[in-house]
1. How many residues are touching a strand residue (DSSP E or B) at 6+ places or on another chain (Cβ under 8 Å), in a loop (DSSP other than H, G, I, E, B) and among the hydrophobic types (A, V, I, L, M, F, W, C) if we restrict to the range 206-221?
2. Check whether at least one residue in the range 169-176 is in a strand (DSSP E or B) and either of a type in the set (A, V, I, L, M, F, W, C) or modelled with pLDDT of 90 or more (or both), and report yes or no.
3. For residues that are among the aliphatic types (A, V, I, L, M) and open to solvent by 70 Å² or more (accessible area, probe 1.4 Å), scanning just the range 1-33, find the one that is farthest from G62 (Cα to Cα).
Amino acid sequence: LPETTVIITGTTTVCQGQSSVTYTVPTIANATSYVWTLPSGTTGTSTTNSISVDYGTSAISGNITVKGTNTCGDGAVSTLPITVNPLPPTPSITLNGNILSSDAPIGNQWYDQNGVISGAINQDYTIIVDGDYYVVVTLLGCNSDPSNTINVIKSGIELIESDRIIKIYPNPVSNELIIEIDGNNEKVNFEILNTIGQIVFEGSLVEKNIVQTSSFAPGVYLIKLENGSTFKFKK
């Protein structure tokens, strides 16, 4: 008969939906074939001393077993207990003002179009820049599917200066930049500068001015607002 029990090696804690998890045993003396059994909800077949296992979305915890066999009969059974953790439910996110919220209370990791947002692991995330945002929830080492994606384009920049609200929008801008000062009755001069300090546009307004920006080169610009005695810069 094939020789006695051997040790199965492989990952013992997995997630539902995890695939291609490999388990092996040393070669069993006198075995011409190997018989594997797997927990419910898993798939994989092998007659060798190695098997690749796929854990389905309904897989449950259980034992992986293997034994050697030949024409004389079966050897002793080796057993490896497996813990299968469930996948977290797919989260949903909503936007309120400039705050994104996940319906998952814990385990959140926020992403934008560039990937992981470092340190953004709370249920709420305050938007700093425009972009595409979503969240993935991780519990017991298992990742949910990504949430819905929300594209955020902030309306612009608002400043409160001497009880006046200064609005600069949209941001980012492509064709028309609107500069608006609610309730203003004094002339305000402004300049638009590129990142090396060159003035690319200058003008003035009382309550509102629309700047045609379609000819501007793509990039980051500064706007300087001046009322004769004070001035402010905004990016």
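The values are calculated or read from the model by the stated rules, or taken from the named source; none is laboratory data. Computed from a prediction, not measured in an experiment: that's the story for all the values here. Methodologically, a virtual Cβ is constructed for each residue, glycine included, from the backbone with ideal geometry; neighbour enumeration extends over all protein chains shown. Quick note on the areas: whole protein, heavy atoms, side chains included, nothing else; ligands and nucleic acids left out. Shrake-Rupley method; radii C 1.70, N 1.55, O 1.52, S 1.80 Å.
1. Of the residues in the range 206-221, 2 are touching a strand residue (DSSP E or B) at 6+ places or on another chain (Cβ under 8 Å), in a loop (DSSP other than H, G, I, E, B) and among the hydrophobic types (A, V, I, L, M, F, W, C).
2. No, there is no match, as no residue in the range 169-176 is in a strand (DSSP E or B) and either of a type in the set (A, V, I, L, M, F, W, C) or modelled with pLDDT of 90 or more (or both).
3. L1
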